[in-house]
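Participant: Starting off with a structure, shown below.
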Amino acid sequence: ELQSKMQQMQAELEALTVEGRSGGDAVVVTLSGKGELKGLKIDPSLLKADGGDILEDLVITAHKDARAKADALLQERMKQVTGGVPLPPGLKLF
C-alpha cells in the first residue's frame, strides 16, 4: 500500500509546479514539484549589455526560492503518505 501511495505521490509532484521569484518578480523560475525546470521568465529591462552579473544572481536566487518551495511541498506530501512518520535524514526519494 505504501508503495502505491509513493507512486501516486510522485505522479502528483510531477504535475505540480512551484514558482521562485527574485528582483521584485523581474525573474521567475518555474519548477515541477520534483525540481525539474519548467520555465524561466526574465523582465526585458534586465537584458541590457551591462546587466549580466545581476541577471545571473537573480536567476540563481529565483531558482533557490523555487527549489525551497518544491522541497517544502515534497515534505508535506511525504507526511501525508507516511502518516506523519518522519523519514530518516538524508533519504532521497527522487
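The values are calculated or read from the model by the stated rules, or taken from the named source; none is laboratory data. As the structure is a computational prediction, the values presented were derived from the model and not from experiment. When we count neighbours, we look across all protein chains shown, and the Cβ atoms used for this are built from the backbone with ideal geometry, even at glycine. Quick note on the areas: whole protein, heavy atoms, side chains included, nothing else; ligands and nucleic acids left out. Shrake-Rupley method; radii C 1.70, N 1.55, O 1.52, S 1.80 Å.
Participant: Angle between the Cα long axis of helix 2-15 and the longest principal axis of the chain, 0 to 90 degrees, nearest 10?
Facilitator: Computed tilt is about 20 degrees.
Participant: Grab the DSSP H runs of the chain that are 4 residues or longer, score each as -39,500 (n - 2.57), total them, divide by all residues and round the 222 nm result to the nearest 500 deg cm²/dmol. Can you show the working numbers first?
Facilitator: Working: 2 runs with 45 residues, N = 94.
Rounded to the nearest 500, the figure is -16500 deg cm²/dmol.
Participant: Probe of 1.4 angstrom, ligands and nucleic acids ignored: what's the accessible area per residue over segment 1-75, in square angstrom? Walk me through the numbers before you get to the answer.
Facilitator: Working: 4760 Å² over 75 residues.
For segment 1-75, the solvent-accessible area averages 63 Å² per residue.
Participant: Now, a different point. With P(r) over Cα pairs in 10 Å bins from 0, in percent in mind, check (1) 16, 43, 26, 11, 3, 1; (2) 17, 56, 25, 1; (3) 16, 39, 24, 14, 6, 1 and report the label derived from this structure.
Facilitator: Calculated P(r) over Cα pairs in 10 Å bins from 0, in percent: the matching label is (3).
Participant: Between Gln80 and Lys34, how many nm apart are label points set 7 Å from Cα along the C-beta direction?
Facilitator: A separation of 1.7 nm, rounded to one decimal place.
Participant: Using label points projected 7 Å from each Cα along Cα→Cβ, tell me how many nm separate Glu56 and Asp71, to one decimal.
Facilitator: It is 2.3 nm.
Participant: Sticking with this one: Among Val18, Val81, Val27, which one moves the most in a GNM of the chain with springs linking Cα atoms closer than 10 Å?
Facilitator: The residue with the greatest mean-square fluctuation here is Val81.
Participant: Could you give the angle, 0 to 90 degrees to the nearest 10, between helix 52-82's Cα long axis and the longest principal axis of the Cα atoms of the chain?
Facilitator: 10 degrees
Participant: Below 8 Å between Cα atoms, with a sequence gap of 6+, how large is the relative contact order for the chain in percent?
Facilitator: Details: 116 pairs, mean separation 27.7, N = 94.
Relative contact order, the chain: 29 percent.
Participant: Could you give the length gained by full extension between Glu12 and Lys64, i.e. 0.36 nm per residue of separation minus their alpha carbon distance, to one decimal place?
Facilitator: Values: separation 52, 0.36 × 52 = 18.72 nm, distance 2.15 nm.
Between Glu12 and Lys64, full extension yields an extra 16.6 nm.
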